[in-house]
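Note sheet for the following structure.
The values are calculated or read from the model by the stated rules, or taken from the named source; none is laboratory data. Please read these numbers as outputs of a predicted model, since none were measured by experiment. Cβ: placed from backbone, ideal geometry, glycine included. Neighbour counts: every protein chain shown.
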Amino acid sequence: MPLFPPPLRRAYRAVIPTGLLAIACSAASAQQASSIVIQGKDNWLFPGWGSLTQVDTRGIDAATQLVRETRDALAAKGVHLEVLVLPDKTLFYQDKLPDGKALSADVKQRYQTIQAKLKQAGVATIDDEAVLQGVKRGGQDVFYRTDQHWTQAAADATADALAQRIKQDVKTLSGKPGTGMALGSVVNERRYGDLAELFLTPEQRKQAGRETFTVRRQAESQSLLDDTPAPVHVTGHSMVQPYFGFPQKLSNALDRPVSVNWKPGNVGHWIMLLEYLESPAYKQNRPQVLVWQMFEPTYAQGPDAKGLWDNASIMSADAWRGRMKAAIGQ
């Protein structure tokens, strides 16, 4: 199910938007969709499109097989794949779920199950649940209360951990030191989170209230027209959009340019990877490292998950595999 903006923007270069763009969702559709939001304690909101009790182990295995094949195809062309699976919001705020709703033992373990499968397949990844639990123990929020997206603190910590992993796996990144993105000043924006804005009735939204989003301005020294080839590319959904700061922080930590392509909505990580691999950006500047960002609750959904991904994104696993290999050049 969807991961929506703000802002509704896509880029192939890690640049932060100057402001919040309007969210395209009518009041009528918001009211109809309100049942898919879990309204928890203390006005905490959770996406309602992930199971709190069931784990699709077969789907996890099938997805991991496709990931392994992608890793192998990229490696044959000299591209190192790093898979970044982001954990579910409920893992960190189980105490905020409403009475009568709780995570099963299997769902509590689901993220680590995925991690174990990836490691067994020899796929490079980081344990972001452990990283973000550290952020929470340090007294900082990992997700926004009324939004499905992560905070800047969570994005920063993940970027730092991933940068360390990339440096470990790829000893020498191409490009010159000093070409990473400078980090701009921090500003606060007071508004409703996407779960409240998109899916609650006006009365429910008023009760949930606005919250403060912390974001970075673009550094004055950073040119928006910088065309320096990026040795690292990130592909994923709206969690890695520049608004939340992840690609900028990764670029800063690596001291190299980082490019990014992403889309909001329920298009899924399968089609996002194909869009990048089939794009001129990939063909003209094949990166050393490709970061493929996924999401724990939807990891088990293959490219053929009808009714879960956008209809235009649906294809059989064999069709996806064929397009992936053709794009990479096998």
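Annotations
- Long-range neighbours under 9 Å by Cβ, at least six apart or interchain, first residue under 21 Å from residue 107 (Cα atoms) within region 60-82, second of a type in the set (Ser, Thr, Tyr): 60/113; 60/299; 63/299; 64/299
- Test: residue in region 137-148 that is under 23 Å from residue 273 (Cα atoms), buried (at least 20 other Cβ atoms within 10 Å of the Cβ) and in contact (Cβ under 8 Å) with a residue 60 or more places away in the chain: yes
- Test: residue in region 154-170 that is closer than 25 Å to residue 40 by Cα and either free of Cβ contacts under 8 Å to residues at least 40 places away in the same chain or of a type outside the set (Lys, Arg) (or both): yes
- Only one entry in 169, 156 is buried (at least 19 other Cβ atoms within 10 Å of the Cβ) and at negative phi, namely 156.
- Listed by first and then second residue, the pairs linking a residue in region 241-258 that is farther than 16 Å from residue 293 by Cα to a residue that is part of a helix (DSSP H, G or I), with Cβ atoms under 7 Å apart and 6 or more places separating them unless they lie on different chains, are 253/159; 253/160; 253/163; 254/163; 254/166; 257/251.
- Meets criteria (among the β-branched types (Val, Ile, Thr) and at pLDDT below 95) for residue 212: no
- All conditions in (1) under 24 Å from residue 79 (Cβ atoms); (2) out of contact with any helix residue (DSSP H, G or I) (no Cβ under 7 Å at 6 or more places or on another chain); (3) surrounded by 13 or more Cβ atoms within 10 Å (Cβ to Cβ); (4) β-branched (Val, Ile, Thr) hold for residue 123, with the sole exception of (2).
- Positions within region 312-330 being hydroxyl-bearing (Ser, Thr, Tyr) and either buried (at least 18 other Cβ atoms within 10 Å of the Cβ) or assigned to a helix (DSSP H, G or I) (or both), in sequence order: 313
- Residue 290 falls short on exactly one of the conditions (1) farther than 29 Å from residue 116 by Cβ; (2) within 15 Å of the chain's Cα centre (by Cα), and that condition is (1).
- Single residue of region 86-98 satisfying the filter (surrounded by fewer than 22 Cβ atoms within 10 Å (Cβ to Cβ) and among the aliphatic types (A, V, I, L, M)) that is farthest from residue 163 (Cα to Cα): 97
- Count of residues meeting criterion [over 19 Å from residue 309 (Cβ atoms) and of a type in the set (Lys, Arg)] in region 44-67: 0
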